[in-house]
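Worksheet: the structure to be examined is printed underneath.
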Amino acid sequence: MSGGWQGSGRVKRLPPNWRRIRARILKRDPVCKICGVRPSAFCDHIEAKVDDHTDTGLQGVCGPCHDQKSSREGNQAQRDNPKPGRKRPTEEHPGVK
């Protein structure tokens, strides 16, 4: 599994029979569960932070919907856990005295 998995630790948390689970979900959901138009290409965890590998915790989605959902989830995760910033005290302009 490469490509979109680069930099992700999620692949390590998948069960050993993930390929079979994925195939079963894509067979069950041939059309994207989000848009209802395009064919499913990804087996998506419905809740981002939950590693629920049961049939009720997974859905088949198309590429564009998967990308949008993953982006939203990633942006939300960054908002929930911002990196510590460097706060500098405000300084007076050197010409103002």
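The values are calculated or read from the model by the stated rules, or taken from the named source; none is laboratory data. Fair warning: this is a prediction, and the values are worked out from it, not measured in the lab. All Cβ positions, even for glycine, are placed from backbone atoms using ideal geometry, and neighbour counts span all protein chains on display.
General observations
- Here is the figure for the range 56-65: residues that are farther than 20 Å from Val11 by Cβ and out of contact with any Pro (no Cβ under 8 Å at 6 or more places or on another chain) total 3.
- Looking only at residues of the range 29-55 that are of a type in the set (A, V, I, L, M, F, W, C) and more than 20 Å from Pro15 (Cβ to Cβ), we find that the one that is surrounded by the fewest Cβ atoms within 10 Å (Cβ to Cβ) is Val37.
- Residues of the range 29-55 that turn out to be in contact with a strand residue (DSSP E or B) (Cβ under 9 Å, 6 or more places away or on another chain) and not in a loop (DSSP other than H, G, I, E, B), as a count: 6
- Matching residues in the range 56-76 - criterion: being surrounded by 12 or more Cβ atoms within 10 Å (Cβ to Cβ) and either part of a helix (DSSP H, G or I) or at pLDDT below 95 (or both): Gly57, Gly63, Pro64, Cys65, His66, Asp67, Gln68, Lys69, Ser70, Glu73, Gln76
- Any hit, the range 7-20, residues being polar (S, T, N, Q), surrounded by fewer than 17 Cβ atoms within 10 Å (Cβ to Cβ) and at pLDDT below 90: yes
- Matching residues, the range 44-74, being more than 18 Å from Arg28 (Cβ to Cβ) and among the hydrophobic types (A, V, I, L, M, F, W, C): Ala48, Val50
- Odd one out for Leu26, checked against (1) in a loop (DSSP other than H, G, I, E, B); (2) in contact with a strand residue (DSSP E or B) (Cβ under 6 Å, 6 or more places away or on another chain): (1)
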